[in-house]
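The values are calculated or read from the model by the stated rules, or taken from the named source; none is laboratory data. Being a predicted model, the structure only gives us computed values, none of them experimental. Every residue, glycine as well, gets a Cβ built from its backbone with ideal geometry; the counts of neighbours run over all protein chains shown.
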Amino acid sequence: MIPSVLPTYNRAPIAFIRGEGSWLWAEDGRRYLDLGSGIAVNALGHAHPALVATLTEQAGKLWHVSNVYTIPEQERLAQLLTENTFADTVFFTNSGTETAELAIKMARKFHYDAGHPERIGIVAFEGAFHGRSTGAIAAAGSEKMVKGFGPLMPGFVQLKWPASEADLAAVRADITDQTCAVIIEPIQGEGGIRSADDAFLKLLRQRCDETGTLLIFDEVQCGMGRTGRLFAHEWAGVTPDIMMVAKGIGGGFPLGAVLATERAASGMTAGTHGSTYGGNPLGCAVGAKVTEIIADPAFLAEVARKGALMRQGLESLVAGHPTVFEAVRGEGLMLGLKCKPAPADVVKAGYDAGILTVAAADNVLRLLPALNIPDAEIAEALTRLDRTATTLEQAA
Ligand SMILES: *Cc1c(COP(=O)(O)O)cnc(C)c1O
């Protein structure tokens, strides 16, 4: 018999009932150190006092009004985001997937309005993840996500993630004056914490400028302070035309945003797009508080420092457990451990050691702690990962 909850997830038999900072308590009373953060969602940890206060205060005032009215909390968050980024304008969604939909629509509408309705081609990359809508799975194109769900939305190609000069030249050649947009995660999350290096992102920006192609950065996972900058692309010194944001921006409340330049967004006039819940007062009040905290340069400097500290510990872990871990990947507090065993087995062994991690593709174990994780808990995480590795070695 089918379970009452549609069985689309491979769930662990652990149910959490309470969280505080980087810790989660399960029904059976066991405490776990959370290095997954709901997959980069709980950016400020669980039950952050300022977020609890903001949410409960807003909950007592107003939950929802339609987007046919002006929503001050939305305007405030949009202003914070435009002040702190390349963007001139923001549309709010409830999830990352919805930001993919709008990014695709916005790019196509831009060329349509410019008199090029034929210009629909969108270049994406292998290993990408942009969400689960039919548009987002067409963009990422992985067999696992698209099989059985066709026909897919036309116009997408997936290029090889470049590993050489020849690959870079191929990427250049595949972006032409017929391309509508390029969509890329500056650091692939689900794909296994794969960073696009600065030269690659610069090449994309340059080629998009040469051909009139719009550049879309999917910063749903790598954005909102995760790398030690507010957005990961800032390290490379290039900006996109359109950017997708979600996960961390709500700190646990469902919230997403599409940020864009005035030019890229020019086709999205009244009536061309909308959402019932997107940008509701609850989500935007919390999002503004999260953004205020994370966009503070002193906070971001701390993320970078903590990231370096954790990375150093992970390098020692790799050196000490060569049959379990191969290498460290990532930036800031978006870190990955390339594993020798299946990462799902490492995640499972971690449960026994009281630590929560997340598996990704390319045999990588993801570590996405709260951005404000205390140093003592970074040390505790390293101890628990060490214990996890030792258990796996003994079992081998
Ligand atoms: C999680 C994720 C998405 C999809 O977000 P949902 O909120 O699950 O719809 C899109 N892009 C990236 C890079 C993600 O990590």
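A few comments on the model shown:
For (1) assigned by TED's automatic domain parsing to the domain that holds ALA139; (2) touching a strand residue (DSSP E or B) at 6+ places or on another chain (Cβ under 9 Å); (3) of a type outside the set (S, T, N, Q); (4) within 12 Å of the ligand (Cβ to nearest atom), each residue gets a yes or a no:
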position: GLN221; (1), (2), (3), (4): yes, yes, no, yes
position: GLY237; (1), (2), (3), (4): yes, no, yes, no
position: ASP241; (1), (2), (3), (4): yes, yes, yes, no
position: VAL245; (1), (2), (3), (4): yes, yes, yes, yes
position: GLY256; (1), (2), (3), (4): yes, yes, yes, yes
position: ALA270; (1), (2), (3), (4): yes, no, yes, no
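- When residues of region 15-60 are limited to those that are outside any loop (DSSP other than H, G, I, E, B) and among the hydroxyl-bearing types (Ser, Thr, Tyr), the one farthest from LYS289 (Cα to Cα): TYR32
- Test result for GLY192, within 16 Å of the ligand (Cβ to nearest atom), surrounded by fewer than 23 Cβ atoms within 10 Å (Cβ to Cβ) and assigned by TED's automatic domain parsing to the domain that holds GLY131: yes
- Exactly one residue out of PHE86, PHE129 is part of a loop (DSSP other than H, G, I, E, B), crowded, with 21+ Cβ neighbours inside 10 Å and not β-branched (Val, Ile, Thr): that is PHE129.
- Filter pass, ALA389 being under 24 Å from GLY21 (Cβ atoms) and outside any loop (DSSP other than H, G, I, E, B): no
- For THR239, the conditions (1) part of a helix (DSSP H, G or I); (2) surrounded by fewer than 23 Cβ atoms within 10 Å (Cβ to Cβ) are fulfilled apart from (1).
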